[in-house]
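The values are calculated or read from the model by the stated rules, or taken from the named source; none is laboratory data. Since this is a predicted model, take the numbers as computed values, not measurements. As a convention, Cβ positions derive from the backbone with ideal geometry for all residues, glycine included, and neighbour counts pool all protein chains shown.
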Amino acid sequence: MNDDMASLTEWLFTLTKFGEKNGLENIRELLRRLGNPQNGLRIIHVAGSDGKGSTCALIESVLRSSGIRTGLFTSPHIVRPNERIKVGGKDISDEDFTRLALLVKGKIEEMRADGLRCTFFEAVTAMAFVRFREAGVEYAVVEVGMGGRFDATNVVSPEVSVITNISLEHTMYLGDTIEKIAFEKAGIIKPGVPAVTCNTGLALEVIRMAAEDRGSPLTVVSGAECVSEDPSGSTVRYHGMEWRVGIPGGFQSVNSSLAYEALAHSGAWDRVRDHIAEGMSGAAWPARMQKVDGLPMVVDVTHTAAGMRSFAEDIQRVYGRVVTVFGLLDDKDLTHIAESVASMSDTVIITHPDSDRALPCDCIADAMREHTSDVIIIPCVGDAIEEALRIAGGRTVAVTGSFAMAESAFLWLGKRGCAHISHL
């Protein structure tokens, strides 16, 4: 295999076949062989089901606005794997990605000779920590990939642990109840380290118990209010303060309040407190109710029941009823997601994103027809978008359901020459 970016990316994806492991031994060994690059970083660690990427982006934006050199590690990527690792708000270069992948590949092949195997996510997590160390990152904002307790990122010693809203997701790996999933997410809470969450009910009970067991002071965000919203963002009021959030969607009121509390409990607070408004308004995060310039089209990655409920409410407040292009991956709450999609849609076009985990169109259509009769199946995402735009006749088209749907939409836009889309 060549050592160019395409070949190394292909090699990285071959690692996924080794599956998920219940343990951190292999990532710890990989990092040890790389000199433990995660040590010495000041880290804010973020887990959850809904809004964790946006919350990470908001925290990072405020840190960066204050002059702090930042690293940001998120997942999954939408179009290019470089998106997962940012320094100073910018994706790492192809050259850096290639160099880091080659470095990590060498260590993983050494481990394989010793009978140890690593996953794709463990590899890119290690790449991120190496790059952050190289770049002299002062604060790294690190998003959990899945769960928390056994996630590859859970080798860090953070200044603050954040848990965003918890929904039923990845039930094959995390459990089939909110309590079981919350237990996994709460695994990122470290002894004595402040924790911040917005959860309520059973999820909060589990998180509170974990925090008490570990002597971690817990802040529960409540009372965040979306004062107004439009296609470019929203105005948030929280405990007498008010700021503008540059990421669209009413739920950013909660995400930005989580970001505020995370920063308030970090060692960076004295440096960032006067940059909250600047950082919140300057934050950007792709495919979160993202309006496409020049087309009546919104792209969003929402894929949980709670997230889709909020998305449907936001869409109707800002755009009214829409034509929706919808595809979903497996182990999601199809029944409740379909209900929310139908609630905001005049017509729903079911399609099949480019993923081995995509649910069959017929399966989604059957669930959707429980809530609306205006359902069309068009398997090709690009064809589905074109038909949606034709049917909409100038009204808004919403493309949603998964990161894979967003990727397909951005690739389709790229073929149309829409170079203004950030991922092209």
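Could you grab the pairs with beta carbons closer than 8 Å, sequence gap of 6+ or different chains, first residue in the range 90-101 and within 20 Å of residue 34 (Cβ to Cβ), second one in a loop (DSSP other than H, G, I, E, B) and among the aliphatic types (A, V, I, L, M)?
100/92
Quick one: how many residues across the range 263-313 are among the charged types (D, E, K, R) and in a helix (DSSP H, G or I)?
7
Of the residues that make up the range 212-234, is at least one assigned to a helix (DSSP H, G or I), out of contact with any Asp or Glu (no Cβ under 6 Å at 6 or more places or on another chain) and modelled with pLDDT of 95 or more?
Yes, some residue in the range 212-234 is assigned to a helix (DSSP H, G or I), out of contact with any Asp or Glu (no Cβ under 6 Å at 6 or more places or on another chain) and modelled with pLDDT of 95 or more.
Residue 62: without any contact (Cβ under 8 Å) to a residue 60 or more places away in the chain, under 19 Å from the mean Cα position of the chain (by Cα), outside the structural domain of residue 408 (by TED's automatic domain parsing) and surrounded by 17 or more Cβ atoms within 10 Å (Cβ to Cβ), yes or no?
no
Identify, please: which residue in the range 25-50 is modelled with pLDDT of 95 or more and assigned to a loop (DSSP other than H, G, I, E, B) and is, among those, surrounded by the most Cβ atoms within 10 Å (Cβ to Cβ)?
The residue in question is 48.
How many residues, within the range 119-140, are within 15 Å of residue 76 (Cα to Cα) and either in a loop (DSSP other than H, G, I, E, B) or not small (Gly, Ala, Ser) (or both)?
7
Hey, any hits in the range 192-209 for a residue that's over 26 Å from residue 302 (Cβ atoms), crowded, with 16+ Cβ neighbours inside 10 Å, in the same structural domain as residue 23 (by TED's automatic domain parsing) and in contact with a Ser or Thr (Cβ under 6 Å, 6 or more places away or on another chain)?
yes
Kindly indicate the residue of the range 65-97 that is assigned to a loop (DSSP other than H, G, I, E, B) and β-branched (Val, Ile, Thr) and also farthest from the chain's Cα centre (by Cα) among those meeting that condition.
68
Kindly indicate the residue of the range 149-173 that is surrounded by fewer than 24 Cβ atoms within 10 Å (Cβ to Cβ) and outside any loop (DSSP other than H, G, I, E, B) and also modelled with the highest pLDDT among those meeting that condition.
165
Tell me, which residue of the range 260-305 that is polar (S, T, N, Q) and farther than 30 Å from residue 331 by Cβ is farthest from the chain's Cα centre (by Cα)?
Step by step, filter the range 260-305, then rank; the result is 266.
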